[in-house]
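Undergrad: There's a structure below that I have some questions on.
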Amino acid sequence: MYQDKKTVGGYPSPFADPQVKESKEYIHAYLKRMYHDYKNEDYSLYDYQKLAFAENRKYADGNQSVAKYKDLMETQGDSSYMNLDWSPVSIIPKFVDVVVGGLINQEYEIICNAVDPFSVEKKRRERATLQANVKMRDMFQQVEQSTGINLAEQRNIMESDDEVDLYMDLTYKQSAEIAMEQAVELVFNINNFENIKERACRDIVVLGIAATKVSTGPNNKIEIDYVDPQRLVTSYSSSPDFKDINHAGEVRRISIRDLKRLAGNQFTEEEYADIAKLVKGKYGNDSLGLTSDKVDDYYGKPYDSFDVEILDGEFLTVDEYRFEKKSNKYGTKTFHEKPFDYKPPKNSKYKREQKNINVKAVYKGKYIIGTDYVFDYGRAENMVREKSNLSETQLSYCIIAPNMRNMRIKSIVERMIPFADQIQLTHLKLQQLIAKARPKGLAIEIGGLENVTKGDGGAVWDPLELQSVYDQTGNFYYRSIDDDGTTRHGPPITELENGIGRDLQSLIAIYNYNLERIRDVTGINEARDASQPSTEALVGVQKLALLASNNATRQMNNGLLHIMEKCASVSVLRLQDVLTTKDGFKAYQAALGDSALTSIKDMKEISHTDYGINIQALPDEEEKQYLEQNIQASLQQKELRVEDAIMVRSIKNIKLANRMLMLRRKEYMKDMAQKAKETAQANAEQQSRAAQTAAQAKAQEIQIKSQGEMESLKMEYQLRDQFEQRQHERKMKEIELQETIRGRFDKQEEQERTERKNVTAQ
């Protein structure tokens, strides 16, 4: 037994030697104190809530006790004469199913981002390169025009910086990121995380708290286990995510047969028998089989069926390691690890300097409650440490209580219980009212109906005859004055309401009032639970109602996201350790492939990659429908290509899908504007060419016409020349003829003169 008197809050000293902390005695003392606080301390999460959790689950299942209702109905222990159906009204189960269903139906995607300096710088350089290519796009086009080489296609040149940003956010992934996402998804699938998520989600709704445990099991397998909050043990926490706790565990009830599978040869058969003796009469165990110490036969020991409770716990502490820096006479400095209780020697000839290093560590163990036995104890083998801070570690438990204050949790089920009780009482009173209801009746004052004559000679109506007349016609006859002249006041027949009457309306009003109070405390309105779907309600109004309900349950949704993100983050850290071992690498090699695992291994060995985990909500049907409406509108307005629409639909992240839609629309409109410009330019050129052709044709026509006129003129001139020439020739011939004739006349005349002259002379 651990004997160190230095304790803190009843726990063994956290300042003890790390070797002491590993001892059976130290861990037994710590776990025993954990269980003591779990059962007794005021700050224990389950001081009173372990009972409240059980009650909440009964209400959530619609199986709460009806004893309190019988007391309130004043049955005084005997309700048989009331003849009522005491079955609880399933109001709370309906609301629980609505909330749980809404949270579970939301699909998520695990995103792993490398956040270490090396990976961040690599991503920055890639973005800078792409942005530089955008600026050089015009130059690349000129090169293509001059050389025919398409450098833009070779370099993945994008249109704008917006497209670069979208590519980096949507498409760009380093190999280590892709491989780790695949590995985490594999771990989730192996551990059937969908079932764990559903149970955790229901715990958040019903109990207000959820817990899981991520550990490295046999054969380097990453294990994710559901933890029942009703059996969870933790130290005090002021944070809803329990990040400040220093220990956690769970109480489990198992048989001694199962205990032997867990502990194996860590206990002897005699010790198992001793454990059985210590738990006899507990947990439903009797003393059968404990009267004989004989070893049993093939079927095992009779006490193997006995149940025991174990506390499977772990605690976080700071281990101090002591080193001494020593300098010899030559000035050489060396470091030496020293024992925890080391004290430097006095009057040493060497210069000594004490150095202490503090490292957080996790210790674990399994304590058999009510005994002095522990097993599987010691320093945790696979502690989770971030690569950027190896001195820090954390527990294996992932816990969230979204609405916790001072270790007090109040779930929406607990907030519903008072109003659900009133609804149940109202339901019982309604049954009682209906059972006791009487039909409507008449109050008849018989004296007023006596001696009423029929008017036919003095015959008198019998009172029963008058009632029959009233029943058939609604009229009745009575005598208002007695024989002695006394006047009667009021009619002799008065209707009695009986039946249910106003009481029914009052009870229904009380029922609806409490139902509305349940809606108020949960934030689940009619639009969310579809109890009163309105076909006439505007779509916008319904949308706002659903949004208001979603806001009311946002805390629970964030709690579920925290559990998922925490499990994924711890799985990543454990995978980094597992995949760097030979056996661990082989365990996941077949499922993920050599290339993926090699990238993880190389990255870890080279840069000690740190991963940031983001749980990204996938779009629901309403968001998909809204996106599709935008796509269809863009297609109808000729603002989007069909292939771009297909690309947008394939994007899971709704925000990135909308960004892609806007970018593709912008680029398409830009392309269409450019094409319109080119078309207008082409049309202008065509018109110019047409006008030029027309002008040329006109000119040609004019030319042809001119040529024709010239030819006509030429022919005219030729004809005229020919005519004038002929005229001239004719004149010349006439002149020549005249000259000839004149010559002849002149010659003749000369001859005549000569002859006359001769005659005269003679």
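Undergrad: Applying 1/(1 + (r/R0)^6) with R0 = 25 Å to the Cβ-Cβ distance of Met168 and Gln674, what FRET efficiency is obtained, to the nearest 0.05?
TA: 0.45
Undergrad: Considering the zone a paramagnetic label at Glu159 would reach in this model (a point 7 Å from Cα along the Cα-to-Cβ line), which residues of the stretch 665-680 have amide N under 16 Å from it?
TA: Under cut-off, by backbone N: 665-678.
Undergrad: Okay, moving on. Are any of the pairs Lys360/Lys582; Lys173/Lys670; Lys280/Lys566; Lys122/Lys364; Lys301/Lys364; Lys197/Lys364 more than 31 Å apart by Cα-Cα distance, and if so, which?
TA: With Cα atoms farther than 31 Å apart: Lys280/Lys566; Lys122/Lys364.
Undergrad: Kindly state, to the nearest 0.05, the FRET efficiency for Ser287 paired with Lys360, given R0 = 51 Å and r defined as their beta-carbon distance.
TA: My answer for the efficiency is 0.65.
Undergrad: Compute the distance in nm between two label points, each set 7 Å from the Cα along the Cα-to-Cβ direction, one at Asp721 and one at Arg408.
TA: Computed distance between label sites Asp721 and Arg408 equals 13.2 nm.
Undergrad: To continue, here is another question. With θ set to phi - 60° and the Karplus curve 6.51 cos²θ - 1.76 cosθ + 1.60, what are the ³J(HN,Hα) couplings of the stretch 563-580 in order, to the nearest whole Hz, using x for Gly and Pro?
TA: Rounded to whole hertz, the list is 4, 5, 5, 5, 4, 5, 5, 5, 4, 4, 5, 5, 4, 4, 6, 5, 6, 8.
Undergrad: Something else about it: What ranking, highest mean first, results for peptides 20-29, 60-69 when packing means the other Cβ atoms within 10 Å averaged over each residue?
TA: 20-29, 60-69
Every number in this text was worked out from the coordinates using simple rules, so none of it is lab data. As the structure is a computational prediction, the values presented were derived from the model and not from experiment. Here Cβ is always computed from backbone atoms with ideal geometry, including for glycine, and neighbour counts include all displayed protein chains.
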